[in-house]
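Here's the structure we're looking at; comments come further down.
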Amino acid sequence: MTAIKESSTIQQNKQYALEKCPVTFVMEKIGGYWKPIILYHLSSGDKRYSELKRAIPAVTEKMLIQHLKQLEADGLVIREAKPVVPPFVTYRLSNAGAGLMPVIDAMASWAFKMKDGVYTIE
């Protein structure tokens, strides 16, 4: 994987946007196709990896693992591994992740209204 040049203009602009725009900050954390879906499924309680995979059959294993790691690194998901054989790993929302649920619900509500034609282009 190519290293990101921290001093590039693009990286500086991105950092500026993350610092100045709270919406950009949120989208950096939950942006992407699978992250909101993973958060939604975890909102109903702790899930094992296999339960998430079954709940989201279209996601590849690579993408699910990658997004779970990113969500964990961003402090939105907590991964708990129990020291047994075979390993028993569960994922759950952190307080920060649970705090995003009203945001995700609002986004879903907006999407349904948009699809139903409630909002029109004027």
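The values are calculated or read from the model by the stated rules, or taken from the named source; none is laboratory data. Predicted model only: the values in this text are computed from it and were never measured. Note that each Cβ is placed from the backbone with ideal geometry, even for glycine, and that neighbours are counted across all protein chains shown. Keep in mind that these areas ignore ligands, DNA and RNA; they rest on the heavy atoms of the full protein, side chains included. Shrake-Rupley method; radii C 1.70, N 1.55, O 1.52, S 1.80 Å.
Ranking request for peptides 91-98, 78-85: highest mean number of other beta-carbon atoms within 10 Å first, then the rest in descending order.
Values: 91-98: 16.8, 78-85: 9.4.
Highest-to-lowest ranking by the protection proxy: 91-98, 78-85.
Treat each spin label as a single point 7 Å out from the Cα along the C-beta direction, and report the Gln66 to Tyr119 distance in nm.
Spacing of the two 7 Å Cα→Cβ label points: 2.9 nm.
Any idea how far apart Val26 and Ile10 come out in nm if each label point goes 7 Å out from Cα toward Cβ?
2.6 nm
Which whole-number value in Å² is the accessible area per residue of the chain, probe 1.4 Å? Before the final figure, lay out the partial values.
Values: 8830 Å² over 122 residues.
Here the per-residue accessible area is 72 Å².
Rank-order 46-57, 64-75, 8-19 by packing density, defined as the average count of other C-beta atoms within 10 Å over each peptide's residues, highest first. It would help to have the intermediate numbers written out before the result.
Numbers: 46-57: 13.8, 64-75: 15.9, 8-19: 11.2.
Top of the packing list down: 64-75, 46-57, 8-19.
Considering the Cα positions of the chain, please state its Rg to one decimal place and its Dmax as a whole number of Å.
Values for the chain (Cα only, Rg and Dmax): 17.1, 61 Å.
Give the carbon-plus-sulfur fraction of the accessible surface of the chain in %, rounded to a whole number; probe 1.4 Å, heavy atoms of protein chains only.
Working: 5310 of 8830 Å².
The nonpolar share, carbon plus sulfur, comes to 60 percent.
How much FRET efficiency would the formula 1/(1 + (r/R0)^6) give for Asp46 and Glu19, where r is the Cβ-Cβ distance and R0 is 41 Å, rounded to 0.05?
Values: r = 34 Å, r/R0 = 0.82.
The computed FRET efficiency comes out at 0.75.
At what distance in nm do the modelled label points of Ala111 and Ala81 sit from each other, each positioned 7 Å from its Cα along Cα→Cβ?
3.2 nm
Ordered by residue, what ³J(HN,Hα) values in Hz, to whole numbers, does the stretch 23-37 give under the Karplus form 6.51 cos²θ - 1.76 cosθ + 1.60, where θ = phi - 60° and Gly and Pro are x?
So the Karplus estimates, Gly and Pro as x, are 5, 4, 4, 5, 5, 5, 7, 10, x, x, 6, 9, 4, x, 5 Hz.
With unit charges on the beta carbons (Lys and Arg positive, Asp and Glu negative) and the dipole taken about the Cα centre of the stretch 1-81, which residue among Gln12, Leu42, Ile65 sits farthest to the positive side?
Ranked along the dipole, the leading option is Ile65.
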